[in-house]
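*Asks:* So that we are looking at the same thing, I have put the structure below in C-alpha cells.
The values are calculated or read from the model by the stated rules, or taken from the named source; none is laboratory data. Worth saying up front: this structure is predicted, and the values here are computed from it rather than measured. We place every Cβ from the backbone using ideal geometry, glycine too, and count neighbours over all the protein chains shown.
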Amino acid sequence: MAVLSASPLRGYNTFLVVLYFTYILPAVALVPRNPYARLEARKTSDPLEIDVGYATYRGHHNDTTGLNTWLGIRFAEPPVGSLRWQKPVPPQTSQKQTVVNADKFPDQCPQAPQAAPSDGPFKSSSQQSEDCLFLNVYAPSNATDLPVFVYIHGGGYGSGNGQSDIPALLNGSGQDFVGVAIQYRLGAFGFLSSDEVKRFGTVNAGLLDQYLALQWVQRYIRLFGGDPLQVTIAGESAGAGSVMLQAMAYGGSIGTSLFQNIIAASPYLPMQYRYSDFVPSQMYYTFAAAAGCFDGLQTWKEKISVFDCLINKDTETLQNASYTVTVGGKYGQWAFLPVTDGDFVQQVPSQQLLNKQVNGERLLIGNNADEGTRFTPQNITTEDDFVNFIKSLFPLFTESDVNKTLLYYPSTTAPVDKNDPKFATSGTGTPTALNESSFGTGQQQRADNLYAEVTFVCPAYWLAEAFGEEGRKSYKYQYSIIPAIHAYDMDAYFGPRPDTMSVAFQEAVKSIWNSFIVTGDPTEKVNNTVPANATHAIKSWTPFTVGQPFQLNLNQTGGTLTTEEDSVTDIDITVYEGSGLRPYFDLVNAYTWEGGRGNRCDFWRSISGHIPG
C-alpha cells in the first residue's frame with residue numbers, strides 16, 4: 001500500500017523536476033545578476049560627496065533649481081577597443097584616491113541623425129565620444145527613500161543625450177522624487193547587427209547599456225536619497241521604445257526587480273528584424289565598407305575578419321561611417337536599430353505584448369495626434385504615390401498585404417488638393433485622421449497617419465493592452481493640442497512652454513506624470529493648481545482594458561486663432577495662442593477613436609510576420 005500510494009507522488013515530483021530544469025532554470029539563468037553587487041559603497045559626511053565603491057563623486061547644489069545635482073557619473077567602462085560591440089561592464093579602475101567633481105555634463109555618444117534631404121556631410125564634434133556611458137542624478141535636498149524616475153532619451157536610437165531637463169519636471173511637481181538621466185551607445189556603435197557581431201560581440205549593445213544603468217540604480221540610488229523599490233522608467237520616442245523593450249527584457253522574466261512603473265510617450269517601433277536577417281546584415285556590410293573594412297575581397301586577403309577590422313578603426317572613421325549610412329537611408333529613418341536577438345529581445349513586440357509577457361506592474365502610455373508628419377515624404381498626392389510609399393516602407397509586403405492596407409486605410413471619395421485648408425479632427429466625428437489633420441489632407445495625410453499608427457500609435461495600444469489585466473494596470477492618453485506632431489508633447493513635461501500651450505495645461509500634464517511616479521496612479525495626486533474641469537476629467541480616468549479601452553484626450557479650448565509655419569515641418573498650420581487658452585480633457589473610447597484606430601492596430605498585429613514589429 002505504501003509503495004502504491006507513493007507512486008503518484010513520485011510521478012508528480014518527477015514532473016516538477018523536469019519542469020524546473022527544462023523551463024524555469026534556463027529562464028532564471030538567462031537573466032544576469034547585478035554586477036555591481038560586489039562593490040562597496042557608502043555615504044560620506046558630506047551629503048554631496050558619494051562613494052560608489054569604484055569612485056567618489058562630489059556633486060553640487062544648484063541654487064537655480066534648488067536641487068542637489070551630480071553630472072557625469074560613470075556607470076560602465078569606456079566601450080572602446082576590445083569593448084566595442086561587447087556587453088557593457090561596470091567600471092573596473094578604482095578612482096577612490098581622488099574625488100571626481102560631478103559638475104558638468106559628460107560627452108554625448110557619437111550621433112547619427114535621421115535620413116533627410118537636407119543632411120550634409122559628416123562633421124566631427126568635440127562634445128561626442130565613445131566614452132559616453134554616464135548618467136546624471138538630481139535630488140531634492142535631504143532626500144530620503146524617495147521614488148526614483150529614470151529617463152531614457154529618444155532620438156531614433158541614433159541621436160540624443162542625457163541632458164533632459166528633469167529639474168523642470170521635478171520642480172513643477174513638488175520635488176518629491178529623485179531623477180536620473182542616462183546615456184547609451186547610439187547608431188552603429190550601439191545597434192550594429194549581423195551574424196558576425198552576434199558571434200564575436202553582442203547585438204543590441206545600446207539596450208544592454210540601459211539595462212546596466214538600471215542595475216546601477218538598484219545598487220546605488222539609495223545613497224542619493226532614492227528608494228530602489230520605487231523605480232519608474234520613462235522615455236519618449238526611441239526612449240519610449242527602449243522602455244518598451246526593457247519591459248519585454250528576457251521574455252518578461254525579470255518582474256519588478258529593476259522597476260515597477262513605466263512611462264512611455266510615443267513608443268517608437270520601427271521594423272524589428274532578427275539579428276541576422278538581410279536588412280541588418282546589409283547595414284553591417286554597408287557600414288563596414290564605409291569604414292574601409294569590406295570590399296568583398298580585401299578582408300579575406302588580409303586574413304582578418306570584418307569585425308576585427310572594425311574593432312581596430314579609430315572613432316572618427318567609425319562615426320563618419322555610421323553617419324554616412326544613416327543619412328543615406330530611407331527618408332525619416334535610421335539605419336541601426338534594435339533587433340530580435342533571442343536573448344534580451346526574444347520576440348517582436350506585437351506578439352510578446354499580446355501574450356502579456358512583460359516586466360513591471362503599472363504603465364502610463366501616450367501618443368500624439370499627428371505622429372507621422374515629420375517622418376513621411378511630403379510629396380504624396382496620388383493613390384499611386386500612396387501605394388509606392390507602402391511598398392517602400394514594407395519591402396516584405398505581398399500584393400495581398402498592400403490591398404489589405406488600402407482597405408484599412410481608405411481614401412476620400414473625391415481627390416483632395418494638398419493646398420486645401422487643413423484642420424485638426426475631433427477624434428470622434430468625421431472627417432478622421434485617415435484623411436485630415438492640421439498638417440495634411442487627402443493622400444498625404446493618408447500616408448502620414450499610416451506611418452504614425454504602425455510606428456508610434458499601435459505600439460502604445462499594444463502596451464496598454466499588455467498591462468491592462470492580470471494584476472497590472474495601464475492608463476492611456478493622447479496629446480492633442482495643436483501642433484501635436486511627434487515630440488511636441490515634451491514641452492508639457494520638461495518645457496519650455498510654447499505660446500500654444502496654457503500654463504494650466506502644462507501644470508495638469510506635469511501633475512499626471514508626477515502622480516504616477518510617486519503613487520503609481522496618475523489620478524491620485526492632482527496638483528491643486530490644476531483647473532477644476534481638468535481635475536474632474538483626470539479623476540474620472542479609468543485603467544485601460546480590452547473590454548473598456550478608454551484614454552484621456554489632453555486638449556485645449558479658447559485662445560486666439562493664428563496661422564504660422566511649423567518650425568519642424570515647414571508647413572503652414574492654424575494654431576491657437578494667448579491668455580484665453582485653458583485645458584479641455586475628456587475620456588474617450590480609444591478603440592473607436594479616429595474612425596476605428598483600435599481595429600487598424602489589430603490589423604497591423606495580424607500581419608506582423610510581414611512587417612515585422
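*Asks:* Got a sec? Which of G235, G162, G154 is free of Cβ contacts under 8 Å to residues at least 60 places away in the same chain and under 29 Å from R497 (Cβ atoms)? Even if it seems obvious, please write down each step before you answer.
*Replies:* Working: G235 fails: free of Cβ contacts under 8 Å to residues at least 60 places away in the same chain; G154 fails: free of Cβ contacts under 8 Å to residues at least 60 places away in the same chain.
Only one candidate passes the filter, namely G162.
*Asks:* Another question about this same structure. Does any residue of the range 97-116 turn out to be modelled with pLDDT under 90, more than 30 Å from the chain's Cα centre (by Cα) and at negative phi? I'd like the intermediate steps shown before the answer.
*Replies:* Of the range 97-116, the ones modelled with pLDDT under 90 are 97-98, 112-116.
Going one step further and asking which of them are more than 30 Å from the chain's Cα centre (by Cα), we end up with 97-98.
Now drop any that are not at negative phi, which leaves 97-98.
Within the range 97-116, one or more residues are modelled with pLDDT under 90, more than 30 Å from the chain's Cα centre (by Cα) and at negative phi.
*Asks:* Here's a follow-up. When you check F189 against the structure, is it in contact with a strand residue (DSSP E or B) (Cβ under 8 Å, 6 or more places away or on another chain), aromatic (F, W, Y), surrounded by 23 or more Cβ atoms within 10 Å (Cβ to Cβ) and more than 15 Å from F75 (Cα to Cα), yes or no? Steps first, answer last, please.
*Replies:* Details: in contact with a strand residue (DSSP E or B) (Cβ under 8 Å, 6 or more places away or on another chain): no; aromatic (F, W, Y): yes; surrounded by 23 or more Cβ atoms within 10 Å (Cβ to Cβ): yes; more than 15 Å from F75 (Cα to Cα): yes.
No, not satisfied.
*Asks:* Can you tell me which of (1) in a helix (DSSP H, G or I); (2) more than 28 Å from G162 (Cβ to Cβ); (3) modelled with pLDDT under 95 is the one T326 doesn't meet?
*Replies:* (2)
*Asks:* Looking at M244 and the list (1) farther than 23 Å from E77 by Cα; (2) at pLDDT 95 or above; (3) more than 17 Å from the chain's Cα centre (by Cα), which single condition is not satisfied?
*Replies:* Here M244 meets the rest and fails (3).
*Asks:* Would the range 222-242 turn up any residue that is touching a Pro at 6+ places or on another chain (Cβ under 6 Å), more than 18 Å from R362 (Cβ to Cβ) and of a type in the set (G, A, S)?
*Replies:* The answer is yes, given that some residue of the range 222-242 is touching a Pro at 6+ places or on another chain (Cβ under 6 Å), more than 18 Å from R362 (Cβ to Cβ) and of a type in the set (G, A, S).
*Asks:* Looking at L463, is it assigned by TED's automatic domain parsing to the domain that holds W541 and farther than 24 Å from V546 by Cα? Reasoning before the result, please.
*Replies:* Values: assigned by TED's automatic domain parsing to the domain that holds W541: yes; farther than 24 Å from V546 by Cα: no.
In short, no.
*Asks:* Taking the residues in the range 136-166 that are surrounded by fewer than 24 Cβ atoms within 10 Å (Cβ to Cβ) and among the hydrophobic types (A, V, I, L, M, F, W, C) as candidates, determine which candidate is nearest to W85 (Cα to Cα).
*Replies:* Checking each candidate, the answer is L146.
*Asks:* While we're on this one: For the range 257-276, state whether one or more residues are assigned to a helix (DSSP H, G or I) and either touching a residue at least 24 places away in the same chain (Cβ under 8 Å) or in the same structural domain as Q351 (by TED's automatic domain parsing) (or both).
*Replies:* no
*Asks:* Against the condition assigned to a helix (DSSP H, G or I) and either among the small types (G, A, S) or over 25 Å from R582 (Cβ atoms) (or both), how does F456 come out, does it pass? Before the answer, list the steps.
*Replies:* Numbers: assigned to a helix (DSSP H, G or I): yes; either among the small types (G, A, S) or over 25 Å from R582 (Cβ atoms) (or both): yes.
It is true that F456 is assigned to a helix (DSSP H, G or I) and either among the small types (G, A, S) or over 25 Å from R582 (Cβ atoms) (or both).
*Asks:* Here are some residues: V575, V518, V509, V530. Which one is outside any strand (DSSP E or B), surrounded by fewer than 21 Cβ atoms within 10 Å (Cβ to Cβ) and β-branched (V, I, T)? Show your work before the answer.
*Replies:* On the way: V575 fails: outside any strand (DSSP E or B); V509 fails: surrounded by fewer than 21 Cβ atoms within 10 Å (Cβ to Cβ); V530 fails: surrounded by fewer than 21 Cβ atoms within 10 Å (Cβ to Cβ).
The conditions single out V518.
*Asks:* Within the range 431-447, is even one residue assigned to a loop (DSSP other than H, G, I, E, B), under 22 Å from W593 (Cβ atoms) and aliphatic (A, V, I, L, M)? Steps first, please.
*Replies:* Initial filter on the range 431-447 (assigned to a loop (DSSP other than H, G, I, E, B)): 431-435, 437-440.
Applying the additional criterion that residues be under 22 Å from W593 (Cβ atoms) yields 431-435, 437-440.
Next, from what is left, pick out any that are aliphatic (A, V, I, L, M): 433-434.
Yes, the conditions are met somewhere in the range 431-447.
*Asks:* Also, quick follow-up: Could you tell me which numbered condition H610 fails, if it satisfies all but one of (1) under 19 Å from Y479 (Cβ atoms); (2) touching a residue at least 12 places away in the same chain (Cβ under 8 Å); (3) surrounded by fewer than 18 Cβ atoms within 10 Å (Cβ to Cβ)?
*Replies:* (1) is the only condition that H610 fails.
*Asks:* Still on this structure, please answer the following. Please work out if T317 is among the hydroxyl-bearing types (S, T, Y), surrounded by fewer than 18 Cβ atoms within 10 Å (Cβ to Cβ), at pLDDT 95 or above and assigned by TED's automatic domain parsing to the domain that holds V150.
*Replies:* Values: among the hydroxyl-bearing types (S, T, Y): yes; surrounded by fewer than 18 Cβ atoms within 10 Å (Cβ to Cβ): yes; at pLDDT 95 or above: yes; assigned by TED's automatic domain parsing to the domain that holds V150: yes.
So T317 fits the description; yes.
*Asks:* Since R597 meets every condition but one in (1) charged (D, E, K, R); (2) closer than 14 Å to Q478 by Cβ; (3) assigned to a strand (DSSP E or B), which condition does it not meet?
*Replies:* (3)
*Asks:* I'd like to check something: does the range 390-400 contain any residue that is assigned to a helix (DSSP H, G or I), hydrophobic (A, V, I, L, M, F, W, C), more than 18 Å from the chain's Cα centre (by Cα) and not assigned by TED's automatic domain parsing to the domain that holds Y268? Steps first, answer last, please.
*Replies:* Keep residues of the range 390-400 that are assigned to a helix (DSSP H, G or I), which gives 390-393, 399-400.
Checking which are hydrophobic (A, V, I, L, M, F, W, C) leaves us with 390, 393.
Still in the list and also more than 18 Å from the chain's Cα centre (by Cα): 390, 393.
Okay, now just the ones that are also not assigned by TED's automatic domain parsing to the domain that holds Y268, so 390, 393.
Scanning the range 390-400 turns up at least one residue that is assigned to a helix (DSSP H, G or I), hydrophobic (A, V, I, L, M, F, W, C), more than 18 Å from the chain's Cα centre (by Cα) and not assigned by TED's automatic domain parsing to the domain that holds Y268.
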